[in-house]
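**Student:** Got a structure for you, written out below as structure tokens; questions coming shortly.
Bear in mind these aren't lab numbers, they're just calculated from the coordinates by the rules spelled out. All values reported here derive from a predicted model rather than from experimental measurement. Here the Cβ is made from the backbone with ideal geometry for all residues, glycine too, and neighbour counts use every protein chain on show.
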Amino acid sequence: MEFTRYDPRYRWLVERLAGNTLAGEQRLGYPRFGSYPELEKEYGEYPDSSMDTSAYVILRGGMPVGLVGVLQDADYLAVWGPLTNEEAWYRETIRESLAFLRGVYAGVLHIFPAKENTVYCQELEEAGGALRSVQHVMRFTWPACMPEPRRIGEKYRCFSPEELSQEEAVCREIELLLEDGFHLKGQADSLLRELLRDGCSFLCCLLHGRTAGVLVWNENFVREIRIEYLAVEKDSRRVGVASNLLGKLLRMVSVRYGRRSINLTHGGDNLAAHALYVKNGFDDEVVYREFVLPGRAGEPQKGTVESKELPLQATKTCAIIRKDGKDAARGG
């Protein structure tokens, strides 16, 4: 197999096959793309993300059989795909794609197959990948029941990144909530800077004159709003702060966007978080496994080719692009 960069000349592949069911992640519940603008807006440009996207068309006998890619920032490499529309080639495509990416990229590759995708998981294990975590991707879509707020005397403030940057005291309170809630060990300040840089909004619950909880969310994604973090101080847990933050966000989204879908990701071992989200109307969309696989620095492999013109007529061996889990994972 050979690999060549995706560019707009491959749009006809996506348009021709946008309605087709693909092997691998696609048949495990991921939505289909409707057109090439959706593909390029979500995976080709990432205009509101700090991560760069590199997409490669997989060629077999000179014809495209799938796509694979990497989302990359300064210290993180997240692999999406590969996908094919010929299930008979899926295992070979995985094996060849992993070898190609490990030859091109230095650092550790983070790969996110669906939990039920035993083929991909087996290939990763055979390639030396190590299982790092199990993650639940959950989604709230109307007409799911919106939670009724519990009256606990709370008030709310919603900050844009620009507004929060001017509030040093609130920033410190949010850092303490994130550090305690996610065991960050002094790294909460750098996480907050990253969230501000990525354009996240912050919904704070004020209780007894202090910030008792924070919900961090991002509205820059193409088709959905993503909850990045939800943290509540220890003394204010189990009184309704978390549920009320979720309910407040759902109402804000309903008014602003007209009932736009909302998704989030949490660790598979966090049973309390899962119970909270289920109680408040979220359903599991997919459960995926995160593997880490060492890459190797070096030149592209011998089989790599540069972008070139493809036949004008699409065939059933073409594929569309689909990210393998980053949309659900904090980057993942």
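**Student:** Can you pull out the trypsin sites (Lys or Arg not before Pro) in the range 54-144 whose DSSP state is coil and whose Cβ has at most 16 other Cβ atoms within 10 Å?
**Tutor:** Sites meeting the loop and neighbour criteria: Lys115.
**Student:** Further, regarding this structure: Using a 10 Å cut-off on Cβ atoms, rank the peptides 277-289, 160-172, 261-273, 75-87 from the highest mean neighbour count down.
**Tutor:** Packing order, densest peptide first, comes out as 75-87, 277-289, 261-273, 160-172.
**Student:** Let me ask something else. Which of rounded, prolate or oblate describes the range 185-274 when judged by the alpha-carbon gyration tensor and an a/c cut-off of 1.5?
**Tutor:** rounded
**Student:** Taking the Cα centre of the range 142-260 as origin and charging only Cβ (+1 Lys, Arg; -1 Asp, Glu), how large is the dipole, in debye to the nearest 20?
**Tutor:** 620 debye
**Student:** For Asn85, list long-range residues whose amide hydrogen, built 1.01 Å from N in the peptide plane, is under 5 Å from its own amide hydrogen.
**Tutor:** Long-range HN contacts for Asn85: Ala23.
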